[in-house]
Each structure stands twice: as C-alpha cells, then as structure tokens.
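The values are calculated or read from the model by the stated rules, or taken from the named source; none is laboratory data. Just so you know, these numbers come straight off a predicted model, no measurement behind them. Cβ placement follows ideal geometry from the backbone for every residue including glycine, while neighbour counts extend to all protein chains displayed.
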C-alpha cells in the first residue's frame, strides 16, 4: 500500500528526471469488465476489442518495467501492441504475434491481477485505430502509473472517462476497494472508508471486486 502514496520511493525506483525525459504526454485508463451507468453505455472488453479487431497484427511482449524493477508478482507478458508497432517488435524478436482471442484473454487475466490497461492517447480513446499500444500497468513498477502516483503528477498525465461512486447503504466498509485501488483514492480512517475523488481515475478495479456491488462508475 505504501507505494500508492505520493513521496514513497523504492530503493530501486524511477526518478523525477526519468519522468521529465519521458516521451509520455497523455495516457488514459481503460476500464475492463465494468459498466458505466449512463445510457446503458458499457466500457469493458468490448471497447478494447473494437481497437484490437481493427488491427492487422497484434503482438504481446514482456512489460519492461516489471522486468526491470520486479516490485510485484503481476503477470509480465502482457504488453499488447498493434499494427506497425507490433510488426516491428515481432520482426526484432522482442514480441510474439497473438490472436484477438489471446489478446482478450490477456486483459481478463491482468484485470484479475489488479493491473490497469493504459493506452497512450493519440486522439480520442473511442476512435478505433489511433492507438497502437495498450500497456497493463501496476503502480509499483510501471513507467506511467508508478511515476505519476508517487510524484503526484497523475492529473497532468492521466485522463479518464469516469469516476467511482459508492452506495453507502450497501457498503460494509470491508476495505477490499482500499487494497484494490492503485491510486490511493480510498483508505480506511478510524475504521471508516474515506474517498478522495481527486485521486480516482475510473479504472474500475474497485467496482469488479466489491463483495456487495456497492460501487459503480459514472461519467465525469
């Protein structure tokens, strides 16, 4: 949990200089297996499938961040690329070509493991074809999440379409969502659940694991 707090550092960790020299300008969190309660619109694997199904080539490769730092035991072979990026990585021997079904299985597996699909945005997320890479990120190792969380830069880098809301009449304050949240938006304070909406980026990890279904996503 400590690494989800601003200011925390692992002994072997990203530096602010690394971040400043990064190519990352904007990224968007992609909810998986989670409904957004408006006009029956659903953000889940179907949205990722829309992007992947347009690709002529799909590949998977190891997450270089988790390979480099190893701060968690999350799945490693889960970085998914498409089109030119996939073909280049396959040609260079750093990625393997996979089918659409294999790619969707990866996103099911990473959601269960608590990773967040994070797409580098070259346009609006809902325009299939503008995204060639979707990383499955953890907040302890990954180049995007780890740095924006610990340096307090999430609002400058991450965008999201939704925010979580909790029905307090159904919430038992069990704390499952606290452990699940990669941004530290939820915490237990004197035995009660506290929520900081400024730190919620609508990833949906808390929604899918709430034992009483008390949490939902709504559009921002």
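Could you list, in sequence order, all residues of region 188-199 that are surrounded by 15 or more Cβ atoms within 10 Å (Cβ to Cβ) and either within 12 Å of the chain's Cα centre (by Cα) or modelled with pLDDT of 90 or more (or both)? Selection gives 193, 195.
Here residue 35 passes the criteria (1) modelled with pLDDT of 80 or more; (2) surrounded by 13 or more Cβ atoms within 10 Å (Cβ to Cβ); (3) outside any loop (DSSP other than H, G, I, E, B) except the one numbered (1).
One residue is enough: does region 95-112 have a residue meeting the conditions at positive phi, surrounded by fewer than 16 Cβ atoms within 10 Å (Cβ to Cβ) and either over 13 Å from the mean Cα position of the chain (by Cα) or modelled with pLDDT of 80 or more (or both)? No, region 95-112 contains no residue that is at positive phi, surrounded by fewer than 16 Cβ atoms within 10 Å (Cβ to Cβ) and either over 13 Å from the mean Cα position of the chain (by Cα) or modelled with pLDDT of 80 or more (or both).
If you check 72, 65, which single one turns out to be on the phi < 0 side of the Ramachandran plot, buried (at least 22 other Cβ atoms within 10 Å of the Cβ), in contact with a helix residue (DSSP H, G or I) (Cβ under 8 Å, 6 or more places away or on another chain) and modelled with pLDDT under 95? Give the derivation first.
Numbers: 72 fails: buried (at least 22 other Cβ atoms within 10 Å of the Cβ).
Only one candidate passes the filter, namely 65.
Is it true that residue 215 is over 15 Å from residue 4 (Cα atoms) and buried (at least 18 other Cβ atoms within 10 Å of the Cβ)? Judged against the criteria, residue 215 is a match.
Just so you know, in region 162-186 the residues that are assigned to a strand (DSSP E or B) and at pLDDT 90 or above include one that is nearest to residue 140 (Cα to Cα), and it is 186. For region 76-93, the candidate set comprises residues that are over 16 Å from residue 143 (Cα atoms) and in contact (Cβ under 8 Å) with a residue 40 or more places away in the chain; within that set, the residue that is surrounded by the fewest Cβ atoms within 10 Å (Cβ to Cβ) is 84. Evaluating residue 204 against the criteria (1) surrounded by fewer than 18 Cβ atoms within 10 Å (Cβ to Cβ); (2) under 22 Å from residue 142 (Cα atoms); (3) in contact with a strand residue (DSSP E or B) (Cβ under 9 Å, 6 or more places away or on another chain) leaves one unmet condition, (1). Across region 120-161, the qualifying residues are those that are part of a strand (DSSP E or B), over 19 Å from residue 69 (Cβ atoms) and touching a helix residue (DSSP H, G or I) at 6+ places or on another chain (Cβ under 8 Å), and the one among them that is modelled with the lowest pLDDT is 158. Evaluated against (1) more than 14 Å from the chain's Cα centre (by Cα); (2) touching a residue at least 60 places away in the same chain (Cβ under 8 Å); (3) under 17 Å from residue 204 (Cβ atoms), residue 153 falls short on exactly one condition, (3). Only residues that are at pLDDT 90 or above and either in a loop (DSSP other than H, G, I, E, B) or within 20 Å of residue 8 (Cα to Cα) (or both) were counted across region 201-212, and they come to 3.
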